[in-house]
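The values are calculated or read from the model by the stated rules, or taken from the named source; none is laboratory data. Quick caveat, the model's predicted, so the values are computed rather than measured. A quick note on method: Cβ atoms are made from the backbone with ideal geometry, for glycine too, and the neighbour counts reach across all protein chains shown. For accessibility, only protein heavy atoms count, side chains too; no ligands or nucleic acids. Shrake-Rupley method; radii C 1.70, N 1.55, O 1.52, S 1.80 Å.
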Amino acid sequence: MSIVIAVAALGGLTLLLAIMLIVANKKLFVYEDPRIDKVEDMLPHANCGACGFPGCRPFAEALVQGRALPGKCTVSTDEGRQAIANFLGVDMGAEEKKVARLACAGGTNVAINRAQYVGVQSCQAAALVSGGGKGCFWGCLGHGDCEVVCDFDAITMNEHGLPIVDQDKCTACGDCVEACPKDLFSLQPISHHLWVACKNLEHGEAVLEDCQVGCTACGKCAMDAPDDLITIKNNLPVVNYAKNHNTQVPIQRCPTGAIVWFNDDGEPIKGKESKKIIRKGSRSLGNT
Amino acid sequence: MNTESLGSIFLNAALVNNFVLAYFLGICPFLGVSGKMETATKMGGAVMFVMLISSMSAYGIHAFLVSIDAPFLQLISYIVVIASTVQLVEMFIKKISPALFKSLGIFLPLITTNCAILGVALFQTSKGYGFLESVVYSLGAGAGFMLALVLIAGIREQMNFADVPNISKGTALTLFIAGILSLCFMGFAGLGA
């Protein structure tokens, strides 16, 4: 008998609540643009945030309201962006492709370690132990936090423990920028070919003791560059990208190859006078 | 039956046995939506409202279930009532304030599973409160929840400007604050029953 009562009581209760909700749904119905759902379906669902919105859904809302253009989505293919543009009848909007660039070139074959770090294999963890084992305090620790955090397989660690960014796969989502405890990654427009691959704030011999490809702040690039394109600040060259920076002149006399030219395939090219690096293995532990 | 005065029931639920900081119920929104004062206040309001409605319904349902001799249905009926109340609140907020709806995000539907609300309904039943006492109890619990949320949101807003060590940034700091707040509220013990 009690099961009948239970079923009847619960059934009655839920029926009552269901009616209440149906009425409320009718009264409080909010009209949402059906195009938002359609556009969201056409987006890649990566929710990476590279477009500047918190995810694909808010971006779709912005697209429908005309606050953004489909070109902002760097993950989607050209066809995908075009399809959205056609669907909404708007311009696709060209956004210059950005890529993540690493401001360090000190792999294990050129940079020394002042201590051997054997703890958890993560840059975040290593950086907590008095800045990691690297001789250069500013350099890449090489445990590959960026490789792990990259959702697009655009970052791979090379044999010298340096992350290499695949320009074609990189969507400039900025995950690696946040992951790096040394703040070595930054998002750069792909037309910024000139690049300073060093963050060492020391100068001269002090740099070379730690790393063969560090910037010694000799100032040759700043002298050679036309139109004050490069200035030396804090012992590092700073490129003023607002000026015409489409010149390979500044890299030519760099003695260590710290300032490089990224070609269209995303490979760094060093100047002619930079010291050749022939060592393949890692450098031994330094005694600093 | 209970002989507490209404004032002491209210104070008891809001301060002495604060649902968040003394019973540790409803920790999820306490940590999740306490980043901004404005959102925290409104979340507190929404929870308070759901608590009030579900507490009143719980009183009626309990009386009804006792009358048909089926008190074992108590838990499941409470949950059904809470779930539909939350749905109603969700529709209501979406209609009148889309901005608030967005800022509350996933935590609004999650009020459904907020244990503090089910806690209020179950505690008032087990304490044998009458209708008026139940209402006051749920209002007190809601006020306590809101107070906890507003307190931690205020502290977290100030903490944004503080220079804290890297290792304790973000969630860790929030948990520190929550722990210290909870310790403070333990000081109310002995004030009421």
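Key figures for this structure:
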quantity: The listed residue being crowded, with 16+ Cβ neighbours inside 10 Å and of a type in the set (Gly, Ala, Ser), out of A:107, A:89, A:119, A:93; calculated: A:107
quantity: Residues that are of a type in the set (Val, Ile, Thr), open to solvent by less than 40 Å² (accessible area, probe 1.4 Å) and under 20 Å from residue A:207 (Cα atoms), drawn from the stretch A:240-288; calculated: A:251, A:256, A:259, A:260
quantity: Within the stretch A:122-137, considering residues that are out of contact with any Lys or Arg (no Cβ under 8 Å at 6 or more places or on another chain) and farther than 21 Å from residue A:236 by Cβ, the one least open to solvent (accessible area, probe 1.4 Å); calculated: A:126
quantity: Boolean, residue B:22 is within 10 Å of chain A (Cβ to nearest Cβ) and touching a Ser or Thr at 6+ places or on another chain (Cβ under 9 Å); calculated: no
quantity: Matching helices (runs of 4 or more DSSP H) fully within the stretch B:37-117 where at least 3 residues are within 11 Å of chain A (Cβ to nearest Cβ) and out of contact with any Leu (no Cβ under 8 Å at 6 or more places or on another chain); calculated: B:37-67, B:74-96
quantity: Members of the stretch B:118-128 that are touching a residue at least 40 places away in the same chain (Cβ under 8 Å) and either surrounded by fewer than 17 Cβ atoms within 10 Å (Cβ to Cβ) or within 10 Å of another protein chain (Cβ to nearest Cβ) (or both); calculated: B:119, B:122, B:127, B:128
quantity: Verdict on residue A:246 being free of Cβ contacts under 8 Å to residues at least 24 places away in the same chain and within 24 Å of the chain's Cα centre (by Cα); calculated: no
quantity: Residue within the stretch A:217-228 that is within 26 Å of the chain's Cα centre (by Cα) and surrounded by 13 or more Cβ atoms within 10 Å (Cβ to Cβ) present; calculated: no
quantity: Test result for residue B:160, more than 30 Å from residue A:10 (Cα to Cα) and either within 14 Å of chain A (Cβ to nearest Cβ) or of a type in the set (A, V, I, L, M) (or both); calculated: no
quantity: Selection count, the stretch A:1-53, where residues are among the basic types (Lys, Arg) and touching a residue at least 24 places away in the same chain (Cβ under 8 Å); calculated: 2
quantity: Close pairs from the stretch A:203-228: first in contact (Cβ under 8 Å) with a residue 60 or more places away in the chain, partner open to solvent by 20 Å² or more (accessible area, probe 1.4 Å) and in a helix (DSSP H, G or I), Cβ under 9 Å, at least 6 apart; calculated: A:214/A:208
quantity: Output for the stretch B:129-169, where each listed residue is over 19 Å from residue B:44 (Cβ atoms) and open to solvent by less than 50 Å² (accessible area, probe 1.4 Å); calculated: B:129, B:130, B:133, B:134, B:162, B:164, B:168
quantity: Failed condition for residue A:61, given (1) within 14 Å of chain B (Cβ to nearest Cβ); (2) closer than 26 Å to residue A:151 by Cβ; (3) out of contact with any Lys or Arg (no Cβ under 9 Å at 6 or more places or on another chain); (4) open to solvent by less than 90 Å² (accessible area, probe 1.4 Å); calculated: (3)
quantity: Residue match in the stretch A:138-149 (condition: closer than 30 Å to residue A:63 by Cα, hydrophobic (A, V, I, L, M, F, W, C) and out of contact with any strand residue (DSSP E or B) (no Cβ under 6 Å at 6 or more places or on another chain)); calculated: yes
quantity: Residues located in the stretch A:64-86, provided they are free of Cβ contacts under 8 Å to residues at least 12 places away in the same chain and surrounded by 19 or more Cβ atoms within 10 Å (Cβ to Cβ); calculated: A:81
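To keep it simple, each residue is scored yes or no on (1) under 21 Å from residue B:96 (Cβ atoms); (2) open to solvent by 40 Å² or more (accessible area, probe 1.4 Å); (3) in contact (Cβ under 8 Å) with a residue 40 or more places away in the chain.
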residue: B:6; (1), (2), (3): no, yes, yes
residue: B:37; (1), (2), (3): yes, yes, yes
residue: B:54; (1), (2), (3): yes, no, yes
residue: B:63; (1), (2), (3): no, yes, no
residue: B:69; (1), (2), (3): no, yes, no
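Residues are listed down the side, and each one gets a yes or a no for (1) at positive phi; (2) surrounded by fewer than 23 Cβ atoms within 10 Å (Cβ to Cβ); (3) modelled with pLDDT under 90; (4) of a type in the set (Val, Ile, Thr):
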position: A:173; (1), (2), (3), (4): no, no, yes, no
position: A:185; (1), (2), (3), (4): no, no, no, no
position: A:191; (1), (2), (3), (4): no, yes, yes, no
position: A:201; (1), (2), (3), (4): no, yes, no, no
position: A:210; (1), (2), (3), (4): no, no, yes, no
